[in-house]
Amino acid sequence: MPEAWLKGQGLPSIQRGPVTRLDLVRYAGASGDYNPIHTIEEFAQAAGLGGVIAHGMLSMAYLGTMLTLFAGDDADLVEFGVRFRAMVRPGDVIECQGTITELVEEGDRLVAKVQFMAKTDKEDTVIKGHAVLSRLFIQRAPQEVER
Amino acid sequence: MIDPACLMTWSDPVPGDIERGAVRKFAEAIGDTNPLYVDETVARASRFGRLIAPPTFAMTLDYGEIPLLQLPHEGLIHGEQTFYYERPLFVGERVFCSRRLCDISTRRGASGSMTFLVFESRCQDDDGHIVQSARMTLIVRGGEEHA
């Protein structure tokens, strides 16, 4: 039986990184996003970025891991949205945090709205976003189940 | 710069195969060790009964060309990204991917103008059912005015 969801409940946070240049090369290859601002220093410098920056979608993927770990085997990820706010650079450690802000019963399902963020060890909030998770409703009063 | 005539026109759907090796490489690149992405035995025993792709994997697919749309090659900023899921993408399936430009808006600030492009994309199964869809905002810095 999965654990109950509670409004205000924090999701187990996860940490990723420090992000390496190799991580960015690997993500470029795996995603097909070969924009050289993520991998080629000279290009990123010339673009005025002061050096290579991580793919925003890599940080979003880290948040996806946090959400799917929390969803486990029972819950569905229904919606997953982010706003990119700041750049991640090689060497940055990324911390993903989230909280259930709303719980709604919809028929036989329990729907959780989650607000989350990713921030670096330099305390930049690089992403803010929201997710919707859904799973079959769990009886909260066991005596009703056992009669 | 962006021809408003290209608004709301869907690209021709492009077949996208959810390949096992591509999913494994993507999972490795984002550091996600969820066995549902790579371990056939665990995946078969799951409620999906088969291997699935991580939630941001749809980003790697080709959504085709929007008629008349010419994006600048440089200076595009990924502002926002939201996925909507009916279910995960299944390893081994073929989906049909298309996209359209939904909105263009320009804001002028102290540092010049910024153009916001909002795209909608979708992955459909053989029967035309939407498996996943997404909204993406790209920001173009500077550039010329458009109508």
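Inspect all residues belonging to the stretch A:137-145 and state whether any of them is among the hydrophobic types (A, V, I, L, M, F, W, C) and at pLDDT 95 or above. Reasoning before the result, please.
In the first step, residues of the stretch A:137-145 are kept if they are among the hydrophobic types (A, V, I, L, M, F, W, C); the result is A:137-138, A:141, A:145.
Checking the rest, the ones that are also at pLDDT 95 or above come to none.
Within the stretch A:137-145 (the criterion being among the hydrophobic types (A, V, I, L, M, F, W, C) and at pLDDT 95 or above), the answer is no, since none of the residues qualifies.
Output the qualifying pairs, or none if there are none: Cβ atoms under 6 angstrom, residues six or more apart or on different chains, first residue in the stretch A:109-127 and more than 14 Å from A:Q15 (Cα to Cα) and assigned to a strand (DSSP E or B), second residue of a type in the set (D, E) and at pLDDT 95 or above.
Close Cβ pairs satisfying both conditions: A:K113/A:E102.
So B:S105 passes all but one of these: (1) assigned to a strand (DSSP E or B); (2) touching a residue at least 40 places away in the same chain (Cβ under 8 Å); (3) of a type in the set (S, T, N, Q). Which condition number does it fail?
So B:S105 meets the others, but not (2).
Against the conditions (1) more than 25 Å from B:P35 (Cα to Cα); (2) within 14 Å of chain B (Cβ to nearest Cβ); (3) in contact with a helix residue (DSSP H, G or I) (Cβ under 9 Å, 6 or more places away or on another chain); (4) among the aliphatic types (A, V, I, L, M), where does A:V52 fall short? Just the number, please.
A:V52 satisfies every listed condition except (2).
Run down B:R108, B:R94 and say which single residue is surrounded by fewer than 19 Cβ atoms within 10 Å (Cβ to Cβ) and at pLDDT 95 or above. Spell out how you get there, then give the answer.
Details: B:R108 fails: at pLDDT 95 or above.
Answer to the check: B:R94.
Going by the structure shown, is B:F57 touching a helix residue (DSSP H, G or I) at 6+ places or on another chain (Cβ under 8 Å), at pLDDT 95 or above, surrounded by fewer than 17 Cβ atoms within 10 Å (Cβ to Cβ) and within 12 Å of chain A (Cβ to nearest Cβ)?
In short, no.
Hey, can you tell me all the residues within the stretch B:49-65 that are in contact (Cβ under 8 Å) with a residue 40 or more places away in the chain, over 28 Å from A:A44 (Cβ atoms) and in contact with a Phe, Trp or Tyr (Cβ under 8 Å, 6 or more places away or on another chain)?
Of everything in the stretch B:49-65, those that are in contact (Cβ under 8 Å) with a residue 40 or more places away in the chain, over 28 Å from A:A44 (Cβ atoms) and in contact with a Phe, Trp or Tyr (Cβ under 8 Å, 6 or more places away or on another chain) turn out to be B:R50, B:L51.
Would you be able to say whether some residue in the stretch B:18-38 is outside any helix (DSSP H, G or I) and more than 25 Å from A:L63 (Cβ to Cβ)? Give the steps one after another, and end with the answer.
Going through the stretch B:18-38, the residues outside any helix (DSSP H, G or I) turn out to be B:18-19, B:30-34, B:38.
Next, only the ones that are more than 25 Å from A:L63 (Cβ to Cβ) stay: none.
No, the conditions are met nowhere in the stretch B:18-38.
Within the group A:A61, A:A71, which residue is touching a residue at least 40 places away in the same chain (Cβ under 8 Å) and surrounded by 14 or more Cβ atoms within 10 Å (Cβ to Cβ)?
Values: A:A61 fails: touching a residue at least 40 places away in the same chain (Cβ under 8 Å).
Of the residues listed, the single one that is touching a residue at least 40 places away in the same chain (Cβ under 8 Å) and surrounded by 14 or more Cβ atoms within 10 Å (Cβ to Cβ) is A:A71.
The values are calculated or read from the model by the stated rules, or taken from the named source; none is laboratory data. Predicted model, so just to flag it, every value in this text is computed and none were measured. Cβ atoms come from the backbone with ideal geometry, glycine included; neighbour counts cover every protein chain shown.
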